[in-house]
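The block underneath contains the structure these notes are about, expressed in structure tokens.
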Amino acid sequence: MLQNVIIGQYYPASSPLHRMDSRSKLIAAFFYLFIVFLANNWLTYGLLIAFTFVTISLSKVPLRFLYKGLKPILLLVVFTMLLHIFLTKEGDLLYKAGFLEIYEGGVIQGIFIALRLLLLVMMTSLLTLTTTPIDITDGLEHLLGPLKKWKLPVHEFALMMSISLRFIPTLLQETEKIMKAQMARGADFTSGPIKERAKAFVPLLVPLFVSSFKRAEELALAMEARGYRGGEGRTRLRALEWHQRDTFALLLLALLTLALFLLRN
Amino acid sequence: MEGTPFERRALHDINLDIADGTFLALIGHTGSGKSTLIQHLNGLLKPSAGSIKMGSTELKAGGKKQDLKSLRKKAGIVFQYPEHQLFEETVEKDIMFGPRNFGVSEETARLTAAKVIEMVGLPESVLQKSPFDLSGGQMRRVAIAGVLAMNPEVLILDEPTAGLDPAGRVEIMELFYSLHERNNLTTILVTHSMEDASRYADEIAVMHKGELYLHGKPTDIFSEREALQKAGLDVPETVQFLQKWNEKSGLNLALSKFTVDELAKQVSQSLKKRGN
């Protein structure tokens, strides 16, 4: 029932992208968010598409998986594309029916915007597909480290994130277990009018809340018992390692940026 | 999760007939597929191949939506740590949840609640309390009462004594056994404990790596000690003792029940005989 939920969408495989340091991947993905907006003609978009697909093929993540991540936003993409097609009035008039007018500029603009959105989502899902959630959190904590100077609780924030990530599978398991237990007692979560169905979730939610609070309390106690006192002077089990390939990847991205600058209109 | 790197075959090649009124112990190492198997019995999981037949209801692989509700009424499952499923304001309401879902009237359900709470050894005054004010052991009993209230013909128990103290274990197991005898139930007990299996079961089925590894009467199963050890199990302590005893004394004693009392009786009798 809950088997279709893959948290963080991580796709286990062994690829150069999987082996990259999470920090370099985060920087690259963040940087990519900006340079996508540099593209404004066919050549630059072509370059971006080529770059993105080479990266995807390097990651060994099947396109089918990537498509699954894209599905939820496809509607948005199509909608934005149509808006642009119908509302941009530039270039030659291609088609006219009543008040509907489609211009060449609108079609091009629509395609560009759709491409932009798709590329953005593909690249960012590639980040989560090739990096475990825990690695992302660790990387974020490192990258945001300098903000500690301004008393930003970076460590606490990262800890909160890793704890919630750690407990998502547990919570899912628990949900499934309680759901089954109530179904065995004749509960029906899948049919009936909406009002009844909403009510049917009470027997699921109450036990989940109770056990979550209990678990949080136990965890806090266990952490205190083992002398946890925040991030000060704490070493880590999984140290992040910056390799040559990380530097290389960022250089490649810089090169792409340069090319985009040169080739754009 | 089919078609993903997470896909795994949980059960394979299982042929198991359970006659009415049998007390079957389903035993196996962690991850051997016991819990997965019992969840198929009332349609919580559906088989990807093969079929499950209970009474007149049959669940087939790829079959259409079948009448799961009647199946679920017939087979009551007490899950591991069943106290986690309590949710109502009062114990009484929680026990009534099952019967009410199966269309029993409120009054009848209330009467049933009063009946089953006594069956599980709790005073009737508990009925009006919140289940969250009870102790862990009491909560477990309330949850069990909630399953019994559905009046199932087949009672499926998934490690019902996990996490209880030794006295609580014995009490709960005795409760299930007496219910089994009195109401002529078919009982399927999932357990790690050979001791429990040997004490209560008419038949034992051993699961290993998702397959049915051994199935038979306890005496037959216990004679295959090596096979059991291969599956990460062992014969109960009473049988271990007796086997050693037989080896040393050259006798051929057998147990009719696998309790310590029975063992002591057999051994003392043989000693007396030798004394004569």
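The values are calculated or read from the model by the stated rules, or taken from the named source; none is laboratory data. What you see is a predicted model; the values in this text were computed from it and never measured. Heads up, the Cβs are rebuilt from the backbone with ideal geometry, glycines too, and the neighbour counts pull from every protein chain shown.
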**Asked** Has region B:207-216 got any residue that is within 14 Å of chain A (Cβ to nearest Cβ) and at pLDDT 90 or above?
**Response** no
**Asked** Would you pick out the residues in region B:67-124 that are over 28 Å from A:LEU171 (Cα atoms) and among the β-branched types (Val, Ile, Thr)?
**Response** B:VAL104, B:THR108, B:THR112, B:VAL116, B:ILE117, B:VAL120
**Request:** Being part of a loop (DSSP other than H, G, I, E, B) and in contact (Cβ under 8 Å) with a residue 24 or more places away in the chain narrows it down to one of A:LEU172, A:LEU253, A:LEU260, A:LEU240, so name that one.
**Result:** A:LEU240
**Subset of region A:103-118 [in contact with a Phe, Trp or Tyr (Cβ under 8 Å, 6 or more places away or on another chain) and either in contact (Cβ under 8 Å) with a residue 40 or more places away in the chain or under 16 Å from A:LEU38 (Cα atoms) (or both)]** = A:PHE112, A:LEU115, A:ARG116
**Prompt:** Which residue, of B:GLU124, B:GLU88, is within 11 Å of another protein chain (Cβ to nearest Cβ) and touching a helix residue (DSSP H, G or I) at 6+ places or on another chain (Cβ under 7 Å)?
**Reply:** B:GLU88
**Request:** Output yes when any residue across region A:204-224 is more than 23 Å from A:ASP21 (Cβ to Cβ), at pLDDT below 85, surrounded by 14 or more Cβ atoms within 10 Å (Cβ to Cβ) and small (Gly, Ala, Ser), and no when none is.
**Result:** no
**Asked** Can you tell me which residue in region A:179-201 is nearest to the other protein chains (Cβ to nearest Cβ), limited to those that are charged (D, E, K, R) and in a helix (DSSP H, G or I)?
**Response** A:LYS180
**Message:** Would you confirm whether or not region B:136-153 contains a residue that is assigned by TED's automatic domain parsing to the domain that holds B:THR57, surrounded by fewer than 21 Cβ atoms within 10 Å (Cβ to Cβ) and aliphatic (A, V, I, L, M)?
**Reply:** no
**Asked** Within region A:238-253, can one find any residue that is touching a His at 6+ places or on another chain (Cβ under 9 Å), surrounded by 10 or more Cβ atoms within 10 Å (Cβ to Cβ) and of a type in the set (Ser, Thr, Tyr)?
**Response** no
**Request:** Give the residue that is nearest to B:ILE95 (Cα to Cα), with candidates limited to residues of region A:162-176 that are surrounded by 13 or more Cβ atoms within 10 Å (Cβ to Cβ) and either within 7 Å of another protein chain (Cβ to nearest Cβ) or among the β-branched types (Val, Ile, Thr) (or both).
**Result:** A:THR175
**Message:** Just to verify a result, which residue in region B:168-190, among those that are charged (D, E, K, R) and within 13 Å of the chain's Cα centre (by Cα), is farthest from B:PRO152 (Cα to Cα)?
**Reply:** B:ARG169
**Message:** Given the condition in a loop (DSSP other than H, G, I, E, B), modelled with pLDDT of 80 or more and closer than 24 Å to B:LYS34 by Cα, answer yes or no: does some residue in region B:65-80 qualify?
**Reply:** yes
**Complete:** Residues of region A:44-102 being surrounded by 17 or more Cβ atoms within 10 Å (Cβ to Cβ), free of Cβ contacts under 8 Å to residues at least 40 places away in the same chain and either hydroxyl-bearing (Ser, Thr, Tyr) or over 27 Å from A:LEU256 (Cα atoms) (or both), in sequence order, are A:HIS84, A:ILE85, A:THR88, A:ILE102
**Asked** Which is part of a helix (DSSP H, G or I), within 21 Å of B:GLN80 (Cβ to Cβ) and not acidic (Asp, Glu), of B:ALA197, B:ALA205?
**Response** B:ALA197
**Request:** Report yes if B:SER198 is hydroxyl-bearing (Ser, Thr, Tyr) and surrounded by 21 or more Cβ atoms within 10 Å (Cβ to Cβ), otherwise no.
**Result:** yes
**Fill in**
Scanning region A:202-216 for residues that are free of Cβ contacts under 8 Å to residues at least 12 places away in the same chain and either away from every other protein chain (no Cβ under 14 Å) or of a type in the set (Gly, Ala, Ser) (or both) gives A:ALA216
**Request:** Could you tell me whether region B:86-107 includes any residue that is surrounded by fewer than 20 Cβ atoms within 10 Å (Cβ to Cβ), part of a loop (DSSP other than H, G, I, E, B), of a type in the set (Val, Ile, Thr) and touching a residue at least 12 places away in the same chain (Cβ under 8 Å)?
**Result:** yes
**Message:** Quick test of your reading of the structure: B:ALA231 fulfils all but one of (1) farther than 21 Å from B:THR22 by Cβ; (2) surrounded by 17 or more Cβ atoms within 10 Å (Cβ to Cβ); (3) without any contact (Cβ under 8 Å) to a residue 60 or more places away in the chain; (4) of a type outside the set (Ser, Thr, Tyr). Name the failing condition by number.
**Reply:** (3)
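Yes/no per residue for (1) more than 10 Å from every other protein chain (Cβ to nearest Cβ); (2) of a type in the set (Gly, Ala, Ser):
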position	(1), (2)
B:THR57	yes, no
B:ALA61	yes, yes
B:TYR81	no, no
B:HIS84	no, no
B:LYS93	yes, no
B:ARG100	no, no
**Request:** Test A:ASP246 against the stated conditions and say whether it is farther than 21 Å from A:LEU165 by Cα and within 14 Å of chain B (Cβ to nearest Cβ).
**Result:** no
